[in-house]
Each structure stands twice: as structure tokens, then as C-alpha cells.
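These notes concern the structure reproduced below.
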Amino acid sequence: MYKSAFKKLFTFFVLAGMITSCEKEEINPDSQLTISANIINSPVVLASLHQNENGQLDFNSGYVWISEIGLDGDMTNGQSISLDIERFSKIDFATGIADPSLDDIVIPAGEYQSISLGVELRDEDEQPSILMEGTYTRMDGSISPIRFEFNSGEVFEAESDGTTVIISQTAISRISFDPSIWFSVIAAERLDDADLDNQGVIVISENANEAIFDDVADRLDISTEATF
């Protein structure tokens, strides 16, 4: 099983609630944290080593399967929080929706001197913890389905020095996967010549097209600074 410690991009969005001038807003000392996920920068163009043509990857579906969420923070009022939530949940890339839902996580509102969030990937069996599916268009224009599978109980982390969680509003933490970075080291010729399974799918995993998988998985080690 492929193992490495890595950080990836989390983004906290604080979504403003609507306040009417004729009604007094009910004060709630807590806020809701929602965790979402998406694929960015698709399609991905793969350059050729010796030709002018390019290959093209289009990932449009898949999921990330998480098993545990940890949140630690120190507030300016002296309060500290520490949450450890164990839950198996799949987050769909197309919709960003988690099943079962992760919408019931509650965190104290207020000003934080520091806050860190960790999301651990599921690593219980051979089921991939990250699955991306789409199509690959070869340099000659032919198209094959493609599937990328990553199976490892790694932890995505995000940290911030100073942030504000607003009362009665929802903070959204989004895990963004960027296959254009992962596949930037793969030449079009390599995917053009990749092995197909018995259903005609290019599978990139620990057990299929292993050399391509190893090079792509190495790119997951690249840390991206998290923003909140």
C-alpha cells in the first residue's frame, strides 16, 4: 500500500446569513462546519515528448472516502477546542455532498488565534479512499475511459494563524484535488500506451499501470498552503 505524509488544499468559506431589518436575529453561540470536496482544473492537457499533439484527461466524477475528522483551536478569549469525530463518509466530487452527511459538526463561534483541521482517509480494505473517473483522449483522437485509484489512510491538514468563525453562519471547508498537478509529470505517450483492463478502461492504481501510478502518487506529496 502506498504510504506518505502529505498536506493538501483546504479552504474555509464563511457564508453570510441573511439578516432582516424587521426581525431580531437569534444569537447562537455556535456555528456549523460543513466539509466538501471537488476536482479542479479539468480537462488536463498532457504534452507529448516528441510530437506537437497532446493528450487530454477529463476527470468528472469520483469520491473521497474519509474516516475521521479532527479540529483543534485556541480562541482569543482563552477558550480551547478539540474535536475528534470518527465517521465513514464518502464525499462526491460532482456534487460536493457527503454520504452520510457531515453537516452536523458544530464549532464555537468567535475569534481564533490558531485553528487546525485534519481529515483522515479511510484505510480499512481494498476499496479506494480516492477515486477519480473520466476519459482520456489520445494523440490520435481515440478515447478510453480512465480511472485513478488511491488507497491510503493519509491525513489532509489545514492550519491558520488567526481566523474568525461568525455566529450562526456556516463555515465550509473544501478539499480541492488538482489532477493537473498530479499528472504534470506524465507524457502523453505514456497514457497512449497504458494497459487497458478487460472492459477497456485505463486503470491507474497500485496494481495496474504501476509506474504511472507511482509518479502520479509522488505528486500528492506536494504541500499547498491552506487558506481560511
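The values are calculated or read from the model by the stated rules, or taken from the named source; none is laboratory data. In this text, all values refer to a predicted model and were calculated from it rather than measured experimentally. Heads up, the Cβs are rebuilt from the backbone with ideal geometry, glycines too, and the neighbour counts pull from every protein chain shown. Protein only, heavy atoms only, side chains kept; ligands, DNA and RNA dropped before computing areas. Shrake-Rupley method; radii C 1.70, N 1.55, O 1.52, S 1.80 Å.
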Residues that are more than 13 Å from Ile85 (Cα to Cα) and either among the aromatic types (Phe, Trp, Tyr) or open to solvent by 20 Å² or more (accessible area, probe 1.4 Å) (or both), drawn from the range 111-120: Glu111, Tyr112, Gln113, Ser114, Ser116
Residue within the range 95-109 that is among the small types (Gly, Ala, Ser), at pLDDT below 90 and over 20 Å from the mean Cα position of the chain (by Cα) present: yes
Flag if Arg174 is surrounded by 14 or more Cβ atoms within 10 Å (Cβ to Cβ), at pLDDT below 85 and of a type in the set (D, E, K, R): yes
Among the residues listed as Val216, Val185, Val155, Val165, the single one being at pLDDT 90 or above and either surrounded by 14 or more Cβ atoms within 10 Å (Cβ to Cβ) or closer than 22 Å to Ile105 by Cβ (or both): Val216
All positions within the range 122-152 that are outside any strand (DSSP E or B) and open to solvent by less than 20 Å² (accessible area, probe 1.4 Å): Pro128, Ser129, Asn151, Ser152
Whichever residue in the range 53-93 is among the β-branched types (Val, Ile, Thr) and open to solvent by less than 60 Å² (accessible area, probe 1.4 Å) and, among such residues, is farthest from Gln127 (Cα to Cα): Ile81
Given (1) at pLDDT 80 or above; (2) open to solvent by 30 Å² or more (accessible area, probe 1.4 Å), number of the condition Thr224 does not satisfy: (1)
The range 132-164, residues that are closer than 20 Å to Glu86 by Cα and polar (S, T, N, Q): Asn151, Ser152
Any chance Ala211 is under 20 Å from Leu46 (Cα atoms), surrounded by fewer than 16 Cβ atoms within 10 Å (Cβ to Cβ) and more than 19 Å from the chain's Cα centre (by Cα): yes
Pair list, Cβ under 6 Å, 6 or more apart: the range 94-115 residue part of a loop (DSSP other than H, G, I, E, B), other residue modelled with pLDDT of 90 or more: Ala94/Ser61; Pro100/Ser89; Leu102/Ser89
